[in-house]
Amino acid sequence: MATLGVSDQFDKYFGTWRIVECVSLAGTVDTTGIEGSEFHLDDSGDVSWKLVDETDSAPFFSSDSYEVSSQLEDMDLCYLSFFGTFREHVIEFKAEISDDLMLLTCERCCMLQCQKISEEDPEVLEQYTYTEALDQGYFHDVAIKADTGKIFKVHSVILSMTAPGLAWTSTPPPLSGLKEDILETVLHYLYTECLPKGLSEETARDCIKVVGKLPGLENFTQICQSFLKNTALKQQIVSLIADMHACADRIVDLFKCRQRGNTMVPDDVLSHNPAKLCYVMKQALREGAIAFSKYMILCDLFARRSGELPREERHDIIKYTKTRFHIFIKQLHEFFDAFKTQLSYKEPEQDDEIATYFLPELEVSLSMLTKFVEDFKSALDTAISKNISDKEKAEKTEKHKKDVKDVLGKTLKHALHIRELKKLKYIHDTASGKFEFFLDKAGRFNRKSVHERKSLISSFLQTLKDREAPLIIQRVEQFAFMIEEKWKWKEWKYLFKLTSSKMAWTVSKLCSYRHTLQPAINELIEIVNKEEFTNSLSMLGLTSETKESSTKEESKKSTKYAKLSSVESLCISPNARDSLTAKRALDLFKKKQKTDMVFEIIIIHDTGDTVIDHTHGNPIEKTESDRDTDHYEIPAHCVILATRCRWFQRALLSGMRESIDKKITIHDTNPEVFNLFLEFVYGGNLDTSHSSPEQLTELLTLADRYEVDTLKSVCEHALGKHVNNETALYLFSMADQLQAKALKEQTVSYIQKHPVLMEGELYIELPQNLKNEIQALTNGDDSSDQETPNVGDIEDMIHKVDLAAGTLSGSTSSSSTTSSVSDLRIEDPARLEACVHQMKEIVGDDVSDEDLMLHVISADYDVSRAINFYFSSL
């Protein structure tokens, strides 16, 4: 069977799906609470749910992982399985997928029809932060001095948003005189809403102590407290792995030869001292038992608490285990090398001496193991009987319910219980077979004579030396190579989650039947006879306790397993949608408070009067009186704009007119749309559900002009929903002009599916290079994407501009420091043509291409600034 963990052929399942219809195979029922629910399958095997109402009746709603599998003999027949913390909670659906529809069928339970929906808007992934303003200190109006004398240049506008309860303009300002590390940590939080990376526990404690009671810093105090708590928890995970490494090191040390005498044979060879060899083997087995108990704790801890972590945190833990795994392999290799070395010094005549010493020890060990096996087998029989009895009682008390959530929940829980019984029955049958085999072998061994038993031990030691030890070392080396070369991140993550969930399920079942298994567990504790092992079993909840403490078993485990929460995520700024600072910044912009600059939007309307041409073809210059001009002003904040938009940062810090006047002039832009643009710059979020295609098109143009890539992605995503027969060619042309790759791909795909569009007037009016591109893509040739359109035409135009530069220099002196294009660097001819085309749409066709090119080049290919230059030169 092929599975998601080892194959990449199931990409079509990745994405967000909505349940549009639910049919219960147990009968016709109300589907409220199921239909409309959504689930997201990512490429790493994680599933997340978005329910229409709060419910946990359907077991698969609590799943956090999934698998896609198929039969090798029928790759078209696929199964989608959801599973949660414990691997027995696996719910398997037969999956049939066609385009954006998927039908999931759970045998004798239900059918779910799902539709794939588009992903969330891209801006949700953007972190909202003012780190750059804090680091560079531009436009600062407050200076805070630390105890060391270091000055922090900060901004009252930003600080008033993040901690409005403090008077930041007072003298001296709040936080003055604090220790430098404390002040740096607090300011970092106020500008980013997160803690700085590399924060020490001591600094976090000092921050709580010093600023914990200041108004507006309550959340900062809580984050510091979480940091301290979670740092301790992360150390718990690291400590468990370190304990396992320590156990492995102790085992290796037990078998290593160190002392060398005058001969080639070391003095501490174990085969020369059977008593020591017996002791070393017992100690090695005990250390192995301790290491395994630590591994059980690690798996149980991860499986129980990983659901409380962000996905990044879970992945960090799994990546850490991967980095440590090759060290375990190295230790395993060292152990078998040392063991093989010890056996190599064993002489044949020593076999009888070793066997004589081992025989009594082996008989005692077999007796203890036999009792343990018998107790465990009896406990397993009792556990299965109890499980069946509990299920029958639950079914008698279950009431009839008609809501689909309850019906499906009841049906699925019943199916899960039956599956668990089958699993326990399988374990019982398999274990019973192994136990019977062991008991039979132990009985046969005990019935042999002393001489025969010694011969068997000697034969085993010789086989171990000559064949088994070298073979094991070879397999370890092959295993290490396979892990290094074939087990990449996806395969390792899948395997780790699989093994940890299975181990956690085993621990949960052992805890469920602890009282029944107690005699066997006590036998195991007696065999190992190590306090560290006993403590590990106690942490897992497997040791005997009083009746009162037994009833509080789960709460005790919750105390011992400190709640896993984000450590690294406390050092990551929230995205714009979740940022309180972003919401306050947007509110600040809407209220027009504490502004220090202004946008002036100028819209020029032609008067529309009839003009008689007496110039015999010479250009007509329109004066300001011939035009109807509208002026709009939008106040704003320099530091917010400079931090949130690179274009505005260059304009306000360049030393040019915009930075001196604290005014940026915008020409021929819809004030309402520009206001929406600024709202996105301030708040980092935009609801496009009510925006018209015209507004989205203007926003996309503004986002491209002012280099706000996140907004550009949002607009492309939103415009993709408006692609139809009427808009496809227009949006394609605009996407090409603005280099909107995602939108261009969507429009091309639509045109390919609707070739009739290539027969209309809109297609005929397209530039020839775009026609060629569409035809090439339609014919399956995408090489046209790599070509620069009309490069020859651009070079000819540049040449013409060079020739005419002397006559144009006078009209462009206010916007350019050079009069010759040949002295300028033409970096992107295609972009130059696009900028000239945009300017023509605004200023009209009366202005020559050569004149417009000089303005564009002078403005560094920025259309808005080029327009400013043009109008200032009139």
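Computed values, structure above
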read-out: Spacing of the two label points (7 Å from each Cα toward its C-beta) at residue 99 and residue 43, in nm; value: 2.5 nm
read-out: Full-extension gain in nm, residue 12 to residue 359, via 0.36 nm per residue minus C-alpha separation; value: 118.8 nm
read-out: Per-peptide average of other Cβ atoms within 10 Å, ordering 685-696, 284-295 highest first; value: 284-295, 685-696
read-out: Chain lengthening between residue 518 and residue 328 when straightened (0.36 nm per residue, less Cα-Cα); value: 65.2 nm
read-out: At R0 = 60 Å, FRET efficiency that the Cβ-Cβ distance of residue 249 and residue 707 yields, to 0.05; value: 0.60
read-out: Where Rh is the Kirkwood radius over Cα pairs, Rg/Rh for segment 323-367; value: 1.20
read-out: Point-to-point label distance, residue 775-residue 530, nm (Cα→Cβ direction, 7 Å offset); value: 7.8 nm
read-out: Violating pairs (Cα-Cα greater than 29 angstrom) within the set 493/712; 12/771; 441/465; value: 493/712; 12/771
read-out: Pairwise label distance in nanometres, residue 210 with residue 138, each label 7 Å out on the Cα-Cβ vector; value: 3.0 nm
read-out: Cβ-derived FRET efficiency at R0 35 Å, residue 629 paired with residue 656, nearest 0.05; value: 0.90
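FYI, it's all coordinate maths here, none of it is from the lab. All values reported here derive from a predicted model rather than from experimental measurement. Note: ideal-geometry Cβ built from the backbone for every residue, glycine included; neighbour counts use all protein chains shown.
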